[in-house]
Amino acid sequence: MTQDRSSGPPLLKNSERGETVEPFLSRDEIAARIKAIAREIDKRHNDKRLILISLLKGSVFFLADLARSLHGDVELYFMQLSSYGNSTRPGEKLELYELPLPNVKGQTIILVEDILDTGQTLSKAKAYFENLGCGAVEIAVLLVKEGHEKESTLNPDYIGFVIPDVFVVGYGLDYAERYRQLPDIGILHFDGGAEADGT
């Protein structure tokens, strides 16, 4: 599903920091799309045991809502790889923070990510689990940037929305750790009409 930019009153205006969040995806649109993704997963896997691994921190809301929409046995785990820091552009250096994980050898896992841009984070995570001998490594991404294929060969198995190359926040997505708590997703703008670089 391709999503175009919407217009309307600001979702949030932070005058002190000179930042405005423009409405983009509503909580209802997000919820409906996640339910559709869950149906795709249920149909493919026929309610068999699945291991969902959230790539922290941005995908936590997506993971929780997706897991609640699935009908089979689901186990939830977490993994943290960082490439952004306080920037609006992904950095070249990826840091892996190991968290307790189950024995995944021969198991089907689904990596749950908030957004796909360059694919650096997801590529490293996928390779990590393939090396552990997983039976299958699938990818569920809430947002996919248009043109991501120029920098990434990844093809997610499940996609929420295809969006323009804009910087989005809310529903777990942040800018310098701000705006994660917003229940909707919006486009971040700076005072003077500038727009944040795409993530």
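The values are calculated or read from the model by the stated rules, or taken from the named source; none is laboratory data. Treat the numbers as computed from the prediction; the structure is a model and nothing was measured. Cβ coordinates were reconstructed from backbone atoms using ideal geometry, including for glycine residues, and neighbour counts include every protein chain displayed. What goes into the accessible areas is simple: the full protein's heavy atoms, side chains included, and nothing from ligands, DNA or RNA. Shrake-Rupley method; radii C 1.70, N 1.55, O 1.52, S 1.80 Å.
Annotations
- Region 96-110 residues that are closer than 10 Å to C134 by Cβ and of a type in the set (A, V, I, L, M, F, W, C), paired with ones that are at pLDDT below 85 and part of a loop (DSSP other than H, G, I, E, B) (beta carbon under 9 Å, 6 or more apart): none
- Tally, over region 35-44, of residues that are out of contact with any Ser or Thr (no Cβ under 6 Å at 6 or more places or on another chain) and open to solvent by less than 40 Å² (accessible area, probe 1.4 Å): 4
- Residue within region 106-119 that is part of a loop (DSSP other than H, G, I, E, B), modelled with pLDDT of 85 or more, on the phi > 0 side of the Ramachandran plot and not polar (S, T, N, Q) present: yes
- Close Cβ contacts (under 8 Å, 6 or more residues apart or on different chains) running from residues in region 113-132 that are free of Cβ contacts under 8 Å to residues at least 12 places away in the same chain and over 13 Å from N155 (Cα atoms) to residues that are in a strand (DSSP E or B) and open to solvent by 20 Å² or more (accessible area, probe 1.4 Å) comprise E130/V137.
- Top-ranked residue of region 129-162 - restricted to ones that are at pLDDT 90 or above and assigned to a helix (DSSP H, G or I), ranked as most open to solvent (accessible area, probe 1.4 Å): N131
- Test: residue in region 13-36 that is modelled with pLDDT under 95 and among the basic types (K, R): yes
- Meets criteria (open to solvent by 20 Å² or more (accessible area, probe 1.4 Å), among the aliphatic types (A, V, I, L, M) and modelled with pLDDT under 95) for L56: yes
- T88 vs. criteria modelled with pLDDT under 90 and within 13 Å of the chain's Cα centre (by Cα): no
- Just one residue in the set L76, L63 is at pLDDT 95 or above and open to solvent by less than 40 Å² (accessible area, probe 1.4 Å); that residue is L63.
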